[in-house]
Amino acid sequence: GKPFLISRENGLPFAVPDMFLFDARDAREFEAKFKLLLSPEGYSQALGYLHDMHFDWSWDDVVRENIKVIDLA
């Protein structure tokens, strides 16, 4: 339930709002997104996005998906 930043190449199995995404090779984009999340307006907006996000992955689901990736290597 807390706002976060994550690189665009995250591999999560659900859609993440653009507000939370950044290009890991672009320090300026990261800084801008971070500053936005630290602002009262940005934080409030982020909480609204989080309220609308629905994901219900357990740690077992995460482990299963990681095993699939490792087995492909």
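The table that follows gives values for the structure above.
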quantity: Partners for residue 2 among lysines (Cα-Cα distance below 28 Å; same-chain residues under 8 apart left out); calculated: 33, 35
quantity: Kirkwood Rh and Cα Rg combined as Rg over Rh, evaluated for the chain; calculated: 1.04
quantity: Percent RCO, i.e. relative contact order, over the chain, from Cα pairs under 8 Å lying at least 6 residues apart; calculated: 31
quantity: Sites residue 70 and residue 16 - FRET efficiency at Förster radius 22 Å, r taken between beta-carbons, to 0.05; calculated: 0.40
quantity: Where labels lie 7 Å past Cα in the beta-carbon direction, separation of residue 36 and residue 7 in nm; calculated: 2.0
quantity: Excluding exposed DSSP-loop chymotrypsin sites (Phe, Trp or Tyr not before Pro) (at most 16 other C-beta within 10 Å), longest clean stretch of the chain; calculated: 15-54
quantity: Separation in nanometres of the label points that stand 7 Å from Cα toward Cβ, at residue 54 and residue 25; calculated: 3.7
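Taken together, the values in this text are just the output of simple stated rules run on the coordinates, not laboratory data. Everything quoted here is computed from the prediction, not taken from an experiment. Glycine also receives a Cβ, built like all others from the backbone with ideal geometry; neighbour counts cover every protein chain displayed.
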